[in-house]
Structures are given as C-alpha cells and as structure tokens.
Amino acid sequence: MLEFEYKGGNTVVVATKQATIVTDPKLSLVGLKDVTVKDKIVLATEQRFIADTTDAKLVIDGPGEFGVADFDIKGVAAARHLDEETATPAATIYRIEANDIRVAVLGNIAEKLSEEQLEELGVIDVLVVPVGGSGYTLDPTGAAGLVRAIDPKAVIPVHYADSALKYEVPQGDFETFSSELGVSVEETPKYKLKNAAALPQTLTVVKVTRT
C-alpha cells in the first residue's frame, strides 16, 4: 500500500506500512504549522523548505541515490522556477519507488526538463506537481507540458490557491490546471494505491484535499 496526503504548499506525505516520507515540511512559510517529521524521511526540493529535522529518520536535500526502509529515492538537480537562467541548479526533483509504484516530486522548478533529466526520472506512475503560477511555481500551462513529457498515470497537483494559506504571491486555482489537461478528476482526502495494478488506466488528475 502506498498512501498520499496533501498538507498545503509543496508538502505531501507519502507512506507505506514501514516508513513515511514528508516533502518540503516547512509550512510556516505559508502560514501553517510545520509538519512533524519525527522518525520520517524528509525530502527538500529547496533548502528553504526544510523545517526542524532534529528527530527525522533521514534528511535528503540534494541529488544522489538513497535506499531507506522500503523506499528507493533518487534526487536529480534542477533549476528553480525563479532562477531559470542561472547555471547552477538550486532545486532537486525526486523519484521515489516503493511497492513497484514510481513517484516523481517536482517542486518549484523551471518549465522544461532536459532529456537527461527525464531519463534520470525514467518511467513515472504518479507525478506531484505545483500548478499555482504567478511567476513563483509552474503555471497550469507549464505544469501540463511537463505532465505530457513525463506521461504518468496519475497527477497530484499542489501549490494552488487556498484561502487558508498565505502564499508569497497569489496562486491560480486547481480548476484552471485540470481544465488545461482536460482529463478526468478524482477527489479524495487520501490517495491510496494497493499496488501498481491499482493505478488508473488513463491519465487522471487526483485532487487530494488538504488535511
């Protein structure tokens, strides 16, 4: 079983029965309480999204390959959306594999991935992608372009407009992105996949309501 919860911003909790990953847990940046990471694996797409990780099982904040519990994790260097023209990548995208399900977490990256980056990600089943835009994250058009390039079975949009959150700039709404892709939408408080056979047969946008 692989289970996804959405906490706001770029913060997603990915859990199996053996271990839990938290991505970008510093929700205080958007006016919420930071996610507790005790005994959890922390993945940071940028350094500034790391909260207090004193009690974390492991903190990964850059490129490399890591095996922990029943997760195989690969970090791939990428340019931040705010630094598209800089030579030195300042963000990390992640490939996570568990229970034969392959997940990618993109973070606030530039709109295009190179062939090399796409090759490092490989085949992806579930894609977690920010869609709010306004010059801060991928906008719906840029996010949809990456969805088509990566070709997952399920897409979990994050970092879209939410009245409970205080983003640095206004974010676009979920519906704009789902309309851009023009595929079916599933809404759920937790997205649960028993195994790879449980993945949708065609591309599906999954709105994991914030908890």
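A compact table of results
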item: Net charge contributed by nearby residues that have their C-beta within less than 13 Å of residue 173 (K/R +1, D/E -1); result: -3
item: DSSP-defined antiparallel bridges as percent of all bridges, segment 63-208, nearest 5; result: 55
item: Low-density loop cleavage sites - trypsin sites (Lys or Arg not before Pro) in segment 33-130, where at most 16 other Cβ are within 10 Å (DSSP); result: 33, 38, 57, 112
item: Cα-centred dipole magnitude for the chain, charges only on beta-carbon of K, R (+1) and D, E (-1), debye, nearest 20; result: 700
item: Residue 201 versus residue 16: modelled label distance in nm, points set 7 Å from Cα along the beta carbon direction; result: 2.8
item: The chain: relative contact order as a whole-number percent, Cα under 8 Å and 6+ apart; result: 19
item: Computed over segment 10-86: relative contact order in percent, which uses C-alpha pairs under 8 Å that are six or more apart; result: 21
item: Max mean-square fluctuation residue, GNM over the chain, Cα-Cα springs under 10 Å, options 135, 75, 145; result: 135
item: Charge tally in the Cβ shell below 15 Å around residue 15, where Lys, Arg are +1 and Asp, Glu are -1, residue 15 excluded; result: +3
item: For residue 34, net neighbour charge (Lys/Arg +1, Asp/Glu -1) across residues whose Cβ lies under 11 Å away; result: +1
item: Per-residue [θ]222 nm for the chain (sum of -39500 (n - 2.57) over DSSP H runs n ≥ 4, rounded to 500); result: -3500 deg cm²/dmol
item: Spatially near lysine pairs across segment 63-208, Cα under 15 Å, sequence gap of 8 or more or different chains; result: 5
item: Mean projected area (nm²) of the alpha-carbon convex hull when segment 63-208 is viewed from all directions; result: 9.0
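Taken together, the values in this text are just the output of simple stated rules run on the coordinates, not laboratory data. Since this is a predicted model, take the numbers as computed values, not measurements. We place every Cβ from the backbone using ideal geometry, glycine too, and count neighbours over all the protein chains shown.
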